[in-house]
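Below: one structure, written as structure tokens.
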Amino acid sequence: MAIALIVVPLLLALVALAIPSNRLRPWLVPLGGAAHLALVIYALTEARVSGLGGWLVLDGVARLVLALTSVLFFLSAVYARGYLALYPHRSNRVFCACMLAFVAMLTLIAEAQHLGLMWVAMETTTLTSAPMLYFQRTPLSLEATWKYLLIGSVGIALALLGSLFLGYAALRGGLDPSLLLDDLIRDAPRLSRPWLRSAFIILFVGYGTKMGLAPMHSWKPDAYGEAPGLVGTLLAGGLTNCAFLAILRFYKICSAAGDPRFAEELMIVTGLFSMGVAGVFMARQKDFKRMLAYSSVEHMGILVLGVGIGGAGIFGAMLHMLNNGLTKGVLFLSAANIHRAYGSKTTDEVRGALHRLPVSGALLLAGFFAITGSPPFGPFLSEFTILNAAISGAHYVIATLFLLMLVVIFTGMGATVLTVVQGKPSPKAEATTFRDDFSTVAPGIVLIGLVLMLGIYIPGPVDGLIRDAAAALETKP
Amino acid sequence: MLDALLVTVLLLNFFVLGTSRLRAVINATALQGVLLGVLAILVHHEFSARPVLIAVGAALIKGVAIPWLLLRAMRDVAIRREVEPFIGYIPSLFAGAVATGLAIVFAGTLPLAEQHVGSLLVPGSLATVLTGFIVLTTRRKAITQVAGYLILENGIFIMGLTLVEAIPFLVEVGVLLDLLVGIFIMGIMIYQINREFASLDTDRLSHLRE
């Protein structure tokens, strides 16, 4: 089962490489997405999913991450079919294969219990996403892809160094060096403390680069700004959460070693700093896709902040991961439609999206209200939970800063989004042929429905997933 | 013997920091890759097939395949020299010396396992990683930046030599393959950058900013 989850999309990626028809090939992607989603749902009903002699195990937080990834991937895949049909004369062979291989690697990150294996999967996601970023073949997307590839590779190289430091912490502690998660957590109290701390810092910087936490976020606005919207969705809702999962695993080793404090402080400071950076750069941001990138920096900050605060904050962070991932899908996919209809992504030229593309415009507006924490959408609930945890933990300074930055970001993002959706579109924009159709708006509608549902009522199984994930992270005294 | 090789690796770091000829930079990283292969065999006390396989694989990928990819990219885009790095060669040599010193001090503050006390493995690894960083951040040409990334990876490979028992075969192979494919994709990108911008200066890649 654990192996099938990875092998099925990988095999389909090979099939995608073999299919000669540019028109039929994109159908494989939603097919792969549906198969993956079905397998994930089946796997989540199983009590224990493991493979390769314990190297692959679907544990607490990974179940939640994988469920989210699979839902997002399926909906992006439906969108991808419609998207690729708009470019019938451009070969989508590499794009389709990379997309399927990408989800296989995300699954491998979620399941991998060996730090080396997790690392290999993470680096492979960088390599498979680079060709997807460069699909538009413009000079700007080339620049974005180069930065993404180089910064991502260096970040991930640091993560390898950190993993080795962790292994060395075991060696210095007089243990047989092992990079298996279970061994490290079991033997955590005997790990050499200086090596453990250095390892955590390097790993946090390394995987934090992939997650896009400030100040390691510099690739993000470029990559999200230039990538096709569905790739933005996969990065902002899938890859970044997998990197977060990796950081959580190292946090768990630190807390099992009886030394969670310094990791938590690092997460709180980085979290607040990321929100601050996002707030500054979102104010007067003309490019609405870059704005979404900064929103992603902000919400990655909120995730680590929630875990850093601890207690109910961990539950809040897990819920927020779900809310943010789904809402980012709404935002990126609707922004991509608007971008295409206007041939521009700056507020200088884009006006009146509600008039020009009623569904996509409405989705962008709803997504904006959702992501900035307005009730009754899901993110309101999770951000409120994190705020509550900060106050009840007597972190008044953190709570005040958190609230302040949410307000700043709301106004900054609001100015851009409202300019985009309101007003009258220019005659030039009216003249382009792109119109909303089923495959480009249906994924967004489903996603906003899910976000709304999470704000009003969390179904039992989903609640169970979130609680299990949070329970797996609680510090045991 | 081990330390003599590591000193050579460190000297190659300085050579890369001080030269402007791209071919020399690529050759130096290639030689570093081959030395790492030899190191990988030396750290094992008994001979068996697996470590030899990894060592030969690493030497072939880092010392032959990747330099070949880079030299080909260099020939395709017809450039030979790094021009005007962000900081000059003498200052970057100086920065390299400071970084190496810092690496030795930092490694000295960390408690080492007894088999590594007095060995250059840990400080050598950190110094090489830092050198890679300096090259990555101070050079303009895309090819030199890739070389910097390679030097960084070489440094990490040296750290990996302290933990040979903990890293399974599959993972070692995965790491090397990822590196190879990564450089391959970067090579394609270099070609595209040159075609698109008629230059390999990553300075030209500065349209995306606030």
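For the listed peptides A:53-62, A:71-80, A:357-366, a ranking on the average number of other beta carbons within 10 Å per residue, highest first, reads A:71-80, A:357-366, A:53-62.
3J(HN,Hα) along region A:86-92, derived from phi through the Karplus expression 6.51 cos²θ - 1.76 cosθ + 1.60 where θ = phi - 60°, amounts to 6, 10, x, 9, 10, 5, 10 Hz, with x in place of Gly and Pro.
When A:148, B:191 are arranged by Cβ crowding within 10 Å, least crowded first, meaning fewest neighbours, the order is B:191, A:148. Between amide H atoms placed 1.01 Å from N, distances below 5 Å from residue A:351 occur with A:426, all of them 5 or more places distant or on a separate chain. Once the Cα-Cα distance is subtracted from the 0.36 nm per residue extended length, the residue B:104 to residue B:2 segment shows a gain of 35.0 nm. For residue B:166, no residue has an amide H sitting under 5 Å from its own, ignoring neighbours fewer than 5 places away on the same chain, with H placed 1.01 Å from N.
In region A:265-332, Cα pairs under 8 Å separated by at least six residues give a relative contact order of 36 percent. Along region A:165-172 the Karplus relation, 6.51 cos²θ - 1.76 cosθ + 1.60 evaluated at θ = phi - 60°, assigns HN-Hα couplings of 4, 5, x, 5, 4, 6, 4, 5 Hz to successive residues, with x for each Gly and Pro. Between region A:220-282 and region B:110-157, the C-alpha centres lie 26 angstrom from each other. The mean count of C-beta atoms from other chains within 10 Å of the C-beta of residues in A:191-198, rounded to a whole number, is 2. Seen from every direction in turn and averaged, the convex hull around the alpha carbons of region A:213-252 projects onto 2.9 nm². A crude spin-label estimate for the pair residue B:116 and residue A:430, with each label 7 Å from Cα along the Cβ direction, gives 7.0 nm.
Overall dimensions of region B:2-204, expressed as equivalent-ellipsoid semi-axes from the Cα gyration tensor (√(5λ), whole Å, largest first), are 29, 21, 12.
Sparse packing (at most 10 other Cβ atoms within 10 Å of the Cβ) combined with a DSSP loop state is found for the following chymotrypsin sites (Phe, Trp or Tyr not before Pro) in region B:1-63: B:47. The dipole here belongs to region B:2-204: it is taken about the Cα centre, uses +1 on the Cβ of Lys and Arg and -1 on the Cβ of Asp and Glu, and is about 780 debye.
Take the Cα radius of gyration of region A:314-410 and divide it by 2.2 N^0.38 Å, N being the number of residues; the result is 1.28. Take the Cβ atoms of residue A:355 and residue A:400, set R0 to 51 Å, and the FRET efficiency comes out at 0.80. In the protein assembly as shown, the calculated helix contribution to ellipticity at 222 nm averages -25000 deg cm²/dmol per residue, counting -39,500 (n - 2.57) for every DSSP H run with n ≥ 4. Ordering of A:16-26, A:185-195 by packing is A:185-195, A:16-26, highest average first (other Cβ atoms within 10 Å, averaged per residue). 3J(HN,Hα) along region A:282-295, derived from phi through the Karplus expression 6.51 cos²θ - 1.76 cosθ + 1.60 where θ = phi - 60°, amounts to 7, 5, 6, 7, 7, 8, 6, 6, 5, 4, 5, 4, 5, 4 Hz, with x in place of Gly and Pro. To the nearest ten degrees, helix A:93-111 and the longest principal axis of the Cα atoms of chain A are 30 degrees apart. With the cut-off at under 20 Å, measuring from each backbone N in region B:128-156 to a point 7 Å along the Cα-to-Cβ line of residue B:192 picks out B:141-147, B:149.
The trypsin sites (Lys or Arg not before Pro) found in region B:84-152 include none that occupy coil by DSSP while having at most 12 further C-beta atoms within 10 Å.
Diffusion coefficient of region A:1-116 by Stokes-Einstein, Kirkwood radius over Cα pairs, 10 °C, 1.306 mPa s: 110 µm²/s. Within a straight-line Cα-Cα reach of under 19 Å, residue B:141 can be paired with the following lysines, leaving aside sequence neighbours fewer than 8 residues apart in one chain: A:147. Ranked for footprinting exposure by Cβ neighbours inside 10 Å, fewest first, A:224, A:87, B:149 give A:87, B:149, A:224. Among A:201, A:156, the ranking by other beta carbons within 10 Å of each residue's beta carbon, starting with the fewest, stands as A:201, A:156. The three principal axes of the C-alpha atoms in region A:1-66 carry coordinate ranges of 41, 21, 15 Å, sorted with the longest axis first. Its Cα gyration tensor gives chain A an equivalent ellipsoid; the semi-axes, largest first and in whole Å, are 34, 26, 20. Put +1 on the Cβ of every Lys and Arg and -1 on every Asp and Glu Cβ in the protein assembly as shown; which of A:368, A:114, B:105 then has its Cα farthest towards the positive end of the dipole? Result: A:368.
Taking 12 Å as the straight-line reach from the Cα of residue A:424, the aspartates and glutamates in range (excluding those fewer than 8 positions away in the same chain) are A:349. Mean separation of Cα pairs under 8 Å and 6 or more residues apart, divided by the residue count, gives chain B a relative contact order of 24 percent. Under 5 Å between amide hydrogens, built in the peptide plane, is the criterion, and for residue B:79 it picks out nothing among residues at least 5 positions away or on other chains.
Values quoted throughout were computed directly from the atomic coordinates according to the rules given, and no laboratory measurement underlies them. These numbers come from a predicted model, not from an experiment. Cβ sites come from the backbone with ideal geometry, for glycine too, and all protein chains shown count toward neighbours.
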